[in-house]
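Worksheet: the structure to be examined is printed underneath.
Taken together, the values in this text are just the output of simple stated rules run on the coordinates, not laboratory data. Just so it is clear, the structure is predicted and the values come from calculations on it, not from any experiment. Cβ atoms come from the backbone with ideal geometry, glycine included; neighbour counts cover every protein chain shown.
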Amino acid sequence: MIYEHGPVILARHPDAVKKHGNESHLDDINADPPLSKIGIEQGRQLGALFVARSDIGLIITSHKERARHAADIARTHKRIPVVVSKELCEVDWGECSGEPKDKVFTPEMDARAREEGLDFRIAPSAETWTEKHIKIARVIDCYRDVFPILVLGHGQSTQAYVAGEMGWDRQRTLKEFKPRNAEAYDFDPLLCIPPERIFQPTLKT
């Protein structure tokens, strides 16, 4: 997909209350934790993006509480329209949702993931990165007339989108693009030559 009207700005939701106290577990697609105290402050800092970038015309956010709340906080000083989409939620790990990563990603599973790339499906009902990329791209494409836009989603779903747009494999994406809480990144394949330049944070938290 080539964007003709300007960049997409990608951001991962701010810090949320953690069920397990760390990131050692796969996302639970059914969980919907609120923002933590740190996350609320990060949401306010994300709002500085709208002061610096007065051309942003729309926010597309995941339907999860931590993303929607962050969008509301961030647009306090500028009432930018918000579109809520379930397609931006976490990658669905199916039967493995919420499981410890070290239990799921055995050496055999890691080998399968490397071999299958973006079409790797960790469980029968799980979602692949290719499927997630297509879903997010379709949503973004509906709003190309109001670019630039802020897309406020989740870590792995954002990585899946970037991988699909850039033609990167899973390993390269996991290595080179690690979205941190509430940090925004300009993303425009048309303007990014070489591609590695696209991930220049527009906001530090």
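Things to note:
- Antiparallel bridge percentage (DSSP; both residues within the chain; nearest 5): 35 percent
- Dimensionless Rg ratio for the stretch 82-170, taking C-alpha atoms and the 2.2 N^0.38 Å reference: 1.17
- Averaging Cα coordinates gives a centre for the stretch 5-82 and one for the stretch 96-112; these two points are 28 Å apart.
- All C-alpha pair distances within the chain, sorted into 5 Å bins from zero, spread as 1, 8, 16, 21, 21, 16, 11, 5, 2, 0, 0 percent across the bins.
- Number of Lys pairs (Cα under 19 Å; 8 or more positions apart or on different chains) in the stretch 1-100: 6
- Debye log10 I(q)/I(0) at q = 0.14, 0.18, 0.27, 0.30 Å⁻¹ for the stretch 46-97, Cα point scatterers: -0.41, -0.60, -1.04, -1.17
- Sites residue 116 and residue 146 - FRET efficiency at Förster radius 35 Å, r taken between beta-carbons, to 0.05: 0.45
- Student exercise, the stretch 1-119 dipole from Lys, Arg, Asp, Glu Cβ charges, in Debye to nearest 20: 880 debye
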